[in-house]
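Visitor: To start, I am sharing the structure in question, which I have written as structure tokens.
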Amino acid sequence: MSKVLLSSFQHIGGGSLQLFGGTNLKSNAQPNRFRKVSCCASKPAEALEKREKEKQQPYQGILHVQAGDRIEELDHRETSLLVKEVKGWLMKLASGKWEISPSTYDTAWVARIPSDSDSSLPEFPEALEWIINSQLPDGSWGDDCHLQLYDRVFSTLSCLVTLKLWDIGHNSIAQGTKFLRENMIKLNHADGDFLSGFEVTFPMMLHEAKRVGLKLPYDTEFTRLLEISTTEKLAKIPLDRFHSTPTTLLYSLEGLQGLEIDWQKILKLQSKDGSFFSSPSSTACVYLKTKDKKSLQYLQNAMKHQNYAVSCHYPIDLFESLRVVDTIERLGIDLFFRDEIKAVLDYLYSFWTNEGIGWESTCIVNDIEDTAMAFRILRMHGYSVSPDAFNQFWLPVDKFSCFVGELSHGVSAMLNLYRASQVDFPNEEILTKTFKYSHDYLLNVENSHTSATKKNLMGEVTFELANPFHDCLPRIYNNAYIKHYSIDDPWIAKTIYQLPLVNKKVLLELANRYAQQCQSYQPSELKILVKWWHSSHFEDIPSTRFKANINMLPYIYYVICATFHEQEFGPLRIFFTKTCCMNTLFDDILDSAKSITELDSLQNMIESWDTSFLSQKEYKIIFQEFYNTILVMTKMASKINQNLSPEFIHKYLLAIYTKLIKFGIIEARWKIQGYIPGFEEYMEHAEVSIAIATHVLMGILFCGDPLTEELLNIIYDSKLLKLGSIISRICNDIQTYKIEMKLGESAQGVSCYMKDHPGATEEDALAYLQSLLEKTKKQLNKIYFTEKDLPKNIKRFSFDMARGMMFTYNKAKQDLFKNPNKELQSMIELCLET
């Protein structure tokens, strides 16, 4: 270890301590000083009998863990089959393959195309046959799983025009016409989201329906208002710019047939695959106007993809790949698919540009939602991506657009922008701007403005505004998303469509199975901790937070369960909870220290780990139990870390805790003496006394990553560890400084800042601490997402411990460690319930 860490031991003799049977370890403590002796040995027999009965009582904190609680063993064979199935999808996505439902609207457009060799025959007869066979029982066409009136009317119009042009399917035409007569009059501007490009394409479809002789209610209030609005918008399109610059209108070219378009010039805006904005209907329209062979080849490929029809997007590889990975990670089942996800992200990253990304690999117009999702996921997985891609979406009118040059955007796009803005690095001003804009937008959005197709979108918005990325623990997020996830949500583009790999029952089943698996072993671990608590006689330590509120024991355990939830990290969860409990007890004892003499005794004890220097029973209880725990941790860690000797691990653990105690004693002296240090001096000590570094440095022995003495030195001196400590201290100070002032603790961040800045108010100090917190969070992001030298689990543990402190001292939730609220109690019960 570094000289700083082991300096506590350089003056101590190398006595020998018999541990773990016959193993001899070099130790700095004498065996007779820390015998495993009951601190209650002097109590009368009846008192001991009473204590034993109390130990047998069920735990009465916010959890009631009964002896018989258990979850039946999960069917691991069935789980393995589910995992195997999903792995297959992911590897298809990684190779550029995808799945999407067919579109009757687009297929009808493709079916219009006559054969090159005989114009009296269709080029795609199978498309015509599929249209006739796909008519729904009510006479309409469209998505058969979701009734959205715009979609049904729009798709039905397209199919009827095509059938009339070829003069076939007369019975189908009659049924479809009947449906439109009954339902076109029901169209209303207040029905929810229009389909993409609907304002342009629908009026043109009505003109085509008239031209082929369909008898429909063309003159309704809805169609009149839409016609006026569309005419006004199209009149503003500068055709010169339209012919030279790719825009989203390329997605709806069939709706622009009434304009004086030079269709040959439009070919200059064709994508590499021959499409126009990956839209089969738009491309079919261009082909009918130009007979462009590249357009026809694209349509032939689109038909081959599904054998009988085309989709509303072809391809849609990037869009679907992003959402499958995002869904898997939100559901908390990504641990099953790490290699496969890496393969998918490698594929996605190969198409990332400084202008962002679109919904497919050949797309020439990028959008803010796919760019935001790709940016966040790729950055969080360590890929190098620049936020400069968002600059193009910022408009001079101080708002973001979904596509370059457009004014509109939706709730889903802003939610993904909000998520992306929270993985920012220092000096990324565009992400500061995106956070403020998206946060304010989502805060004020109304239910009526959300997507009509995604049932729980507002539930996601509400949850994420209340639980930002840094202030929320992974399993809390996963469990919330499991509630919001729907296997029935459709997607909205030019028509309603489905992405089978995104909204899949298999994913939800696997997520629920894994959540149950986590819950199955947590109650037994909590029982171990409850038994340990009672056997350690901590009830005999007066005037502590634990005495007043024992609910903190399951709270501490819950925090680590919500981060390192995998079953193999049981020892980490157990030891983390124990050390947190003991550190909290020690912090409470120091808070109640009355004299310098008392602190001198503690100082003497820690120099030699000899409790004979201590007169107070509470000190003896805590240090006796701490040392016993260190012995157990040493034995366990020695089995896990073969590169480290038991002697080294023992010294390592004692050195970490010694440093924490020494810094705690210094702060206790400040309190007794009424000394207020400057902010810099305060932070030098407070970063240690907050104890996050202590928990991380102890916990990494149980993270499963191979360790060496050299690596431990690197971790000890790492920027990641320091930044987490700074964040933890600032969060604690912002939330608890008023209480600490009342308790006579004059040295905390607010008062120390005010000492350095005479005339500054509490508000000034809090503003400074908040700005320092935001700055440090960005630094933490950068280190965590880009650091290559530290093992993955150790980085994750350090990062999530900082998140745990931000969660605990969230300004909106107050001090959850001291007072778990009802909502948190419910969360803990959900996490641990059987």
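Visitor: Take peptides 296-305, 97-106 and line them up by average Cβ neighbours within 10 Å, highest first, as a rough protection proxy.
Guide: Values: 296-305: 18.5, 97-106: 24.4.
Highest mean packing first, the order is 97-106, 296-305.
Visitor: Cut-off under 21 Å on the C-alpha distance; same-chain residues fewer than 8 positions from K742 excluded. Which lysines are left, in chain and number order?
Guide: The reachable lysines, counting only those whose Cα sits under 21 Å from K742, are K547, K594, K671, K755, K811, K813, K818.
Visitor: Continuing with this model, one more query. When a/c is below 1.5 the answer is rounded, else prolate if a/b is larger than b/c, else oblate, so apply that to the stretch 179-259 with a ≥ b ≥ c taken from the square roots of the Cα gyration tensor eigenvalues.
Guide: prolate
Visitor: Related question: Looking at the stretch 290-416, I'd like the Rg to Rh ratio, where Rg is from alpha-carbon atoms and Rh is Kirkwood's inverse mean 1/r.
Guide: Rg divided by Rh gives 1.02.
Visitor: Please report the spacing between the Cα centers of the stretch 430-501 and the stretch 136-166 in Å, no decimals.
Guide: What the calculation gives is 30 Å, centre to centre.
Visitor: Restricting to Cα pairs below 8 Å that are 6+ residues apart, what does the relative contact order work out to for the chain? Please round to a whole percent.
Guide: Relative contact order comes out at 14 percent.
Visitor: A further question on this structure: In the stretch 395-446, if every C-alpha pair distance is counted and binned at 5 Å from zero, what percent goes to each bin?
Guide: Percent of pairs per bin, in order: 4, 21, 31, 26, 14, 4, 0.
Visitor: Moving to a separate point now. Could you give me the radius of gyration and the Dmax of the stretch 630-702, taking only the C-alpha atoms into account and expressing both in angstrom?
Guide: Answer for the stretch 630-702, Rg first and Dmax second: 15.4, 48 Å.
Visitor: Each residue of the stretch 783-791 in order: what ³J(HN,Hα) in whole Hz does its phi give by Karplus 6.51 cos²θ - 1.76 cosθ + 1.60, θ = phi - 60°, with x for Gly and Pro?
Guide: Values per residue, Gly and Pro as x: 5, 5, 7, 10, 4, 10, 7, 8, x Hz.
Visitor: Calculate, for the stretch 618-682, the solvent-accessible area per residue in square angstrom, rolling a 1.4 angstrom probe over the heavy atoms of the protein chains.
Guide: Accessible area per residue: 35 Å².
Visitor: Quick check for you: with a 1.4 Å probe and neighbouring chains kept, what is the accessible area per residue of the stretch 387-496, in Å²? Don't skip to the answer; put the middle values down first.
Guide: Details: 4430 Å² over 110 residues.
For the stretch 387-496, the solvent-accessible area averages 40 Å² per residue.
Visitor: Also, I was wondering about something else. So, with a 1.4 angstrom probe, what is the percent of accessible area on the chain that is carbon and sulfur?
Guide: About 51 percent, which is the carbon plus sulfur part of the accessible surface.
Visitor: Also: Tell me the angle of helix 570-591 to the major Cα principal axis of the chain, expressed in degrees between 0 and 90 and rounded to the nearest ten.
Guide: It works out to around 60 degrees.
Visitor: Same structure again: Go ahead and run the numbers for FRET between F425 and T220, Cβ-Cβ distance against an R0 of 56 Å, rounding to 0.05.
Guide: The value I calculate is 0.55.
Visitor: Under 1.5 on a/c is rounded, so check that first for the stretch 154-291, then, if it is not, pick prolate when a/b is larger than b/c and oblate when it is not; a ≥ b ≥ c are the square roots of the alpha carbon gyration tensor eigenvalues.
Guide: Oblate shape, in that a/c is at least 1.5 and b/c is the bigger or equal ratio.
Visitor: While we're here: Peptides 748-761, 560-573: what's the order by average Cβ count within 10 Å, highest mean first? List each step's numbers first, then the result.
Guide: Details: 748-761: 16.9, 560-573: 20.4.
Highest-to-lowest ranking by the protection proxy: 560-573, 748-761.
Visitor: Determine, from the Cβ-Cβ distance of E78 and Y521 and an R0 of 30 Å, the FRET efficiency 1/(1 + (r/R0)^6), rounded to the nearest 0.05.
Guide: 0.95
Visitor: Between the alpha-carbon centers of the stretch 743-812 and the stretch 218-248, tell me the distance in whole angstrom.
Guide: Centre-to-centre (Cα) distance: 52 Å.
Visitor: Taking square-rooted eigenvalues a ≥ b ≥ c of the alpha carbon gyration tensor, is the stretch 671-741 rounded, prolate or oblate, where a/c under 1.5 means rounded and, failing that, a/b exceeding b/c means prolate?
Guide: Since a/c reaches 1.5 and a/b is larger than b/c, the shape of the stretch 671-741 is classed as prolate.
Visitor: Could you check the spin-label model distance between N307 and S615? Points 7 Å from the Cα along Cα→Cβ, value in nm.
Guide: 8.9 nm
Visitor: Let me ask something else. Given a 1.4 Å probe, how much area per residue of the stretch 209-280 is accessible, in Å²?
Guide: Counting only protein heavy atoms, the per-residue value for the stretch 209-280 is 51 Å².
Visitor: Now, a different point. Modelling each spin label as a point 7 Å along the Cα-to-Cβ direction, I'd like the E684/S119 distance in nm, to one decimal.
Guide: 8.9 nm
Visitor: On to the next question. Can you tell me the 0 to 90 degree angle between the C-alpha axis of helix 474-484 and the longest principal axis of the chain, rounded to 10?
Guide: Around 40 degrees separate the two axes.
Visitor: Order these peptides, 112-125, 323-336, 410-423, 161-174, by their mean beta-carbon neighbour count within 10 angstrom, highest first.
Guide: With the highest mean Cβ count within 10 Å placed first, the list reads 410-423, 323-336, 161-174, 112-125.
Visitor: Pairing the Cα long axis of helix 679-689 with the longest principal axis of the chain, what angle in degrees results, from 0 to 90 and rounded to the nearest 10?
Guide: It works out to around 80 degrees.
Visitor: Short version: what are the Cα gyration tensor semi-axes of the stretch 468-622, square root of 5 times each eigenvalue, largest first, in whole Å? Write down the numbers at each step before the final one.
Guide: Working: eigenvalues 457, 51, 29 Å².
Output for the stretch 468-622: semi-axes of 48, 16, 12 Å.
The values are calculated or read from the model by the stated rules, or taken from the named source; none is laboratory data. A quick note: this is a predicted structure, and the numbers were derived from the prediction, not measured. Virtual Cβ from ideal backbone geometry, glycine too; neighbours counted across all protein chains shown. Remember, those area values only see protein heavy atoms, side chains included, never the ligands or the DNA or RNA. Shrake-Rupley method; radii C 1.70, N 1.55, O 1.52, S 1.80 Å.
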